[in-house]
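Peer 1: Pasting a structure here, questions to come.
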Amino acid sequence: MKWNINEDRPIWIQLKEQLVKQIVSGKYHCGDKLPSVRELAADAGVNPNTMQRALAALNQEGLIITNRTSGRCVTDAEDKIEHCRQEIAQKIIRKYVAEMIELGYSRQEASALIKKGEEESWN
Amino acid sequence: MELVTCSHLQKAYGKETALKDVNLQIGRGKIIGLLGPNGSGKTTLIKILNGLLQPTKGDVKVNGKIPGVDSKAIISYLPDKMYFADWMKVSDLLDFFEDFYKDFDRQKAESMCKSLGVSIKDKMKKLSKGNKEKVQLTLVMCRKAQLYLLDEPIAGVDPAARDFILDTILNNYNEEGTVLISTHLIADIEKIMDEVILIKSGEILKHVSADDLREQSGKSIDAMFREMFHADNYIGGDFTC
């Protein structure tokens, strides 16, 4: 996954969001060791201090665990990761529904349209 | 101890005041953007920090000492102009740097030149403008310095060269060292700086964390800068002489 950073918002928050996505999508699995701050920062083209701040926030939320000797790994609590994944999915759904309502669809129609849209894109 | 402290720093060139009462503390392990419009005092401040200029009033300390012979050993400086003689070969420059600076990593510099496609046997005269700037930056970044002072490192190079320069800065600076980059091309260094110093007419307007500034303003640093230093367009008007 490529990093996608927009300069209008604090960069550390965006890094955090994208790291979470990388974890829940399975790029890094449960218990996997993460690359070093410097490697991650170089990959994203950002300052190591900014990456450090994002990692510290994830650490605080318990998604990653810092081990003094072996560096940082993804938590081995699968339920925590799954919970995070569902939270992100909920956010996407809420955003979708809000936009569809703005277009004048009802909730039912919005949810039916997903199904329809799915089928059409398969054909 | 802070890496750099300036207290009540002033610099005047005759009647012109270039810096007015600058108070500044710079910590270690940071990449800081020194941002200001043309003529705001960026280069003057950098030259005072590395001892090329003497302040008119006030104090400057780098690593606890007044800039001088000792501070040259820990400051790696990239001037805003080329200062190498045309006849020199890249290898001559490497020899000089190796001789002058204990912290210079020659091997690293040679391999970086190679990756640039620059032979160390090439004469500086023969290199393109972009390659000259890249070689110069390579030399500066291949030192394991405490303070890197980069005066306009990305002015006048193409976007690909700019990426190379920014990557070089990011990947090579000493983690305990601080990089101070002066520029007015803010958008280009937006992602790599963690603090910004905004300077205008010789005064420090702000010295804050880049992300905090974005959070407060909801804008990029570049957009903030454009707003702060906005100059009204000249749209004609009546000449009443």
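Peer 1: Amide H to amide H, which residues 5 or more places from B:Val179 or on other chains are under 5 Å from it, using H placed in the peptide plane?
Peer 2: Counting only residues 5 or more places away or on other chains, the set is B:Lys30, B:Ile31, B:Ile32, B:Tyr148.
Peer 1: According to a simple spin-label model (label point 7 Å from Cα along Cα-to-Cβ), what is the distance in nm between A:Ala77 and B:Lys65?
Peer 2: Here the modelled spin labels are 5.1 nm apart.
Peer 1: Provide the packing ranking of B:59-68, B:116-125, B:137-146, i.e. peptides ordered by the mean count of other C-beta atoms within 10 Å per residue, highest first.
Peer 2: Packing order, densest peptide first, comes out as B:137-146, B:59-68, B:116-125.
Peer 1: Counting other C-beta atoms within 10 Å, and keeping those with at most 14, which DSSP coil chymotrypsin sites (Phe, Trp or Tyr not before Pro) do you find in the stretch B:1-104?
Peer 2: Those satisfying the criteria are B:Tyr83, B:Trp87.
Peer 1: Roughly how many nanometres apart are two label points built 7 Å out from the Cα toward the Cβ at A:Lys91 and B:Asp92?
Peer 2: Output for this residue pair reads 5.8 nm.
Peer 1: Round to the nearest 0.05 the FRET efficiency obtained for B:Asp21 and B:Arg226 when R0 = 25 Å and r is the Cβ-Cβ distance.
Peer 2: 0.45
Peer 1: Near the amide H of B:Lys206, under 5 Å away, which other amide H atoms are found, from residues 5 or more places off or on another chain, if H is placed in the peptide plane?
Peer 2: B:Leu198
Peer 1: Here is a follow-up. At 25 °C and 0.890 mPa s, what whole-number value in µm²/s does Stokes-Einstein give for the translational diffusion of the stretch A:79-122, with Rh from the Kirkwood sum over Cα pairs?
Peer 2: Using the Kirkwood radius from Cα pairs, D works out to 212 µm²/s.
Peer 1: Largest first, please: the extent of the C-alpha atoms of the protein assembly as shown along each principal axis, to the nearest Å.
Peer 2: Computed over the Cα atoms, the extents are 75, 67, 44 Å.
Peer 1: With a 10 Å cut-off between alpha carbons and a GNM built on chain B, which of B:Lys89, B:Lys20, B:Lys219 moves the most?
Peer 2: Sorting by GNM fluctuation, first place goes to B:Lys219.
Peer 1: Can you pick out the pairs among A:Lys95/B:Lys219; A:Lys33/B:Lys108; B:Lys20/B:Lys57 whose Cα atoms lie more than 20 Å from each other?
Peer 2: A:Lys95/B:Lys219; A:Lys33/B:Lys108
Peer 1: Considering only Cα-Cα distances, which of the following residue pairs are longer than 24 Å: A:Lys16/B:Lys30; B:Lys30/B:Lys200; B:Lys30/B:Lys123?
Peer 2: Exceeds cut-off: B:Lys30/B:Lys123.
Peer 1: Okay, moving on. Enumerate the calculated ³J(HN,Hα) couplings along the stretch A:100-115 in order (Karplus 6.51 cos²θ - 1.76 cosθ + 1.60, θ = phi - 60°), each rounded to whole Hz, writing x wherever the residue is Gly or Pro.
Peer 2: Going residue by residue, I get 5, 5, 4, 7, x, 8, 8, 4, 4, 4, 4, 6, 5, 5, 4, 4 Hz, with x marking Gly and Pro.
Peer 1: In whole angstrom, how far apart do the alpha carbon centroids of the stretch B:189-227 and the stretch A:4-18 sit?
Peer 2: Taking the Cα centre of the stretch A:4-18 as reference, the centre of the stretch B:189-227 is 16 Å away.
Peer 1: Still on this structure, I have one more. Top mean-square fluctuation among B:Lys15, B:Lys129, B:Lys114, Gaussian network model of chain B, C-alpha springs under 10 Å?
Peer 2: B:Lys15
Peer 1: Here's a follow-up. Calculate the length of the line joining the C-alpha centroid of the stretch A:66-102 to that of the stretch B:121-162, in whole Å.
Peer 2: 42 Å
Peer 1: Which lysines, if any, have their Cα less than 19 Å from the Cα of B:Lys126, not counting same-chain residues under 8 positions apart?
Peer 2: Straight-line reach from B:Lys126, under 19 Å: B:Lys81, B:Lys89, B:Lys114, B:Lys134.
Peer 1: List the relative contact order of the stretch A:11-76 as a percent without decimals, with contacts defined as Cα pairs under 8 Å and 6+ residues apart.
Peer 2: 39 percent
Read-outs: derived from the displayed coordinates by stated rules, not from any lab. Everything numeric in this text was worked out from a predicted model, so none of it was measured. A quick note on method: Cβ atoms are made from the backbone with ideal geometry, for glycine too, and the neighbour counts reach across all protein chains shown.
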